[in-house]
Amino acid sequence: MDLIQFFGRFHVLVLHLPIGILVMAACLEIYAFLKKRARSEVMQTVWLWGAISAIGTCILGYMLSLGGGYNADAVAIHMTYGISVAVFSIICWLLFGKNGTKATTSVAAFSVVQLILLTLTGHYGANMTHGSTFLVEHAPQAIRTMAGLPAATKARLKPASLDVALVYPDIIQPIFESRCVGCHNDEKTKGELKLNNHAAILKGGKTGPAVMANSLENSELFKRINLHPSDENFMPAEGKTALTENQIAILKWWIENGAVENASLKDVGISADLQTIIASELGLSNIEVKFLAADADPNIIEKLEDAGFKFRRSIQDEPYIEVIYSTPLVPLTDDTLNLLLAIKDQLTVLKLSRSSLNDTQMAVIGQLTELYSLNISDTQVTNEGAKQLLNLSNLKSLNLFSTGVNNFTQTAEENLPELEHIYGGE
Ligand code: HEC
């Protein structure tokens, strides 16, 4: 069976031979007829090679079809046309050999039919690999109508922000679309599974539901994307680009929270970390600071706001807050900075660029140990103050552009285990 599959796959390669040879043969025959020129004697050999390669392609195609995964009707129609191409080329070889150098009407007519058969075979074959709407997908509406397609639905617009995003259509489906739908759609349904809509995913494939709401263990899909890539059951199959860690984390969250369809993030509930992951997956501007305002003392927040810090909710009616920055015009006093210590447990991203932050004040920054992103670009901080940064063991991103800090990159990379990006400080 494996050997059959092995050879079967060569169908998609070998099929170009009969196409090339037979198109060339038919065109030369028609040309000779129209120009009333003598046919070349070599034509009989050309038809013979066309017939041989067409028969070979049919056999390989049959082997490929045994592997399954294609719509049975689509296979039947493509196979019928494929076989008729092979039969027709044998007929051409037998008949036209005897015709000698005279380009007759029947030779030309047979050649035209051969061209039509080839086109149809190729068309139905391509539909199976690319989907039946592939050709006219981006066609003007008039052509879509001729092809019997409905008016183009506009691609769903990317949500402007996380609070308007719908869980399934905006976040989950695009993940399947990018890596899975190529093999799991209406025409090509590998493992009898479609991953192009919510209902189909829950319905599942050969082995049952692909996703079972609230249960990772019973979700075949989740198991397969977490296998080792060398495992034969790993998805995506055939060495196609795997899902990223972030995409897997998002799918995990989705399944564990009921595998919902049209809910918003707010309905489902989401951790701050995952919110950042989803924002970056959707290409939404990165949330700069978020922390649970519910946990942070509102009096402190108010005082910080009075001192020039800004907070913004990232999700309507939710406790998450994003963005904090100092207004450069208001000098940063020690008292204000000390207020940050009161919300240090919630403070993960801090932007103090272009503020009056100095080396002495860096002692406070050095205590904000939950920070994973810190921007102190355009400040007077020097190597002396930068020493404090080495306490921030959760830091992933650090911006030191236009500061007095230099020769610091290596020290930072050696001492901050999570550090992924450091800007400036060379
Ligand atoms: C290159 C083609 C290809 C791609 C891309 C692909 N798959 Fe598959 N998938 C298959 C084949 C072939 C099978 C059937 C063989 C098997 O069960 O391993 C299958 C089967 C499955 C099954 C089991 C269905 C059942 O009920 O038996 C799941 C679940 C699945 N795929 C999920 C995925 C996911 C999720 C992705 C995207 C990350 C994906 N596939 C991408 C080819 C592919």
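The values are calculated or read from the model by the stated rules, or taken from the named source; none is laboratory data. Everything numeric here is computed off the predicted structure, so don't read it as measured data. Neighbour counts run over all protein chains shown; Cβ positions are idealised from the backbone, glycine included. The accessibility values were calculated without ligands, DNA or RNA, using every heavy atom of the protein model including side chains. Shrake-Rupley method; radii C 1.70, N 1.55, O 1.52, S 1.80 Å.
Which value, in Å², gives the accessible area per residue of segment 2-146 when a 1.4 Å probe is used on the protein heavy atoms? Provide the component values of the computation, followed by the final result.
Working: 8390 Å² over 145 residues.
Per-residue accessible area for segment 2-146 comes out at 58 Å².
Within segment 178-282, report the GluC sites (Glu not before Pro) that DSSP leaves as loop and that have at most 13 other Cβ atoms within 10 Å. Write out the running numbers ahead of the final one.
On the way: sites: E187, E192, E217, E220, E232, E238, E245, E256, E261, E281; in loops: E187, E217, E232, E238, E261.
Of the GluC sites (Glu not before Pro), the ones in loops of segment 178-282 whose Cβ has at most 13 other Cβ atoms within 10 Å are E217, E232, E238.
Hey, any idea what the orientation-averaged projected area of the convex hull of segment 2-146's Cα atoms comes to, in nm²? Don't skip to the answer; put the middle values down first.
Values: hull surface 39.9 nm².
Taking a quarter of the hull surface, the average projection is 10.0 nm².
Considering all alpha-carbon pairs of segment 162-268, what whole percent are spaced by more than 21 angstrom?
Numbers: 1618 of 5671 pairs.
When all Cα pairs of segment 162-268 are counted, 29 percent exceed 21 Å.
From the mean inverse distance of alpha carbon pairs (Kirkwood) and the Cα radius of gyration, derive Rg over Rh for segment 27-86. Show your work: numbers first, answer last.
Numbers: Rg = 16.2 Å, Rh = 13.6 Å.
In segment 27-86, Rg relative to Rh is 1.19.
Can you tell me the relative contact order of the chain? Whole percent, Cα pairs under 8 Å, sequence separation 6 or more. Each step should come with its number before you reach the end.
Values: 675 pairs, mean separation 36.1, N = 426.
That works out to 8 percent.
In whole percent, and with a 1.4 Å probe on the protein chains, what portion of the accessible area of segment 63-133 is carbon and sulfur?
Working: 2500 of 3500 Å².
The nonpolar share, carbon plus sulfur, comes to 71 percent.
Can you list residues whose amide H is under 5 Å from Y423's amide H, if they're 5+ apart or on another chain and H is modeled 1.01 Å from N?
L398, N399, L400
Read phi for every residue in segment 194-206 and hand back ³J(HN,Hα) as whole Hz from Karplus 6.51 cos²θ - 1.76 cosθ + 1.60, θ = phi - 60°, with x for Gly and Pro.
9, 10, 9, 7, 4, 4, 5, 5, 5, 5, x, x, 3
With no solvent and one equal point scatterer per Cα, compute the Debye intensity ratio I(q)/I(0) for the chain at 0.06, 0.12, 0.13 Å⁻¹ and report its log10, rounded to two decimals.
Listed by q, the Debye log ratios stand at -0.46, -1.02, -1.11.
If I take every Cα pair under 8 Å that is 6 or more residues apart in segment 2-146, average their sequence separation and divide by the length, what percent do I get for the relative contact order? Let's see the in-between values first.
Working: 156 pairs, mean separation 46.5, N = 145.
Averaging sequence separation for qualifying contacts and normalising by length gives 32 percent for segment 2-146.
Which value, in Å² rounded to 10, gives the accessible area of Y423 with a 1.4 Å probe and all protein chains present?
Near enough 90 Å² of accessible area.
With 26 Å as the limit, write out which pairs from K158/K206; K188/K223; K190/K223; K240/K396 have Cα-Cα distances beyond it, or answer none. Intermediate results must be reported in sequence, preceding the final value.
Working: K158/K206 33 Å; K188/K223 22 Å; K190/K223 17 Å; K240/K396 30 Å.
K158/K206; K240/K396, as the Cα separations exceed 26 Å there.
What number comes out for accessible area per residue over segment 162-268 if the probe is 1.4 Å? Units Å², please.
Numbers: 5330 Å² over 107 residues.
Accessible surface, normalised per residue, equals 50 Å².
Which order do V87, V46 take by accessible area at a 1.4 Å probe, largest first? It would help to have the intermediate numbers written out before the result.
Details: V87 70, V46 35 Å².
Per-residue accessible area, sorted high to low, gives V87, V46.
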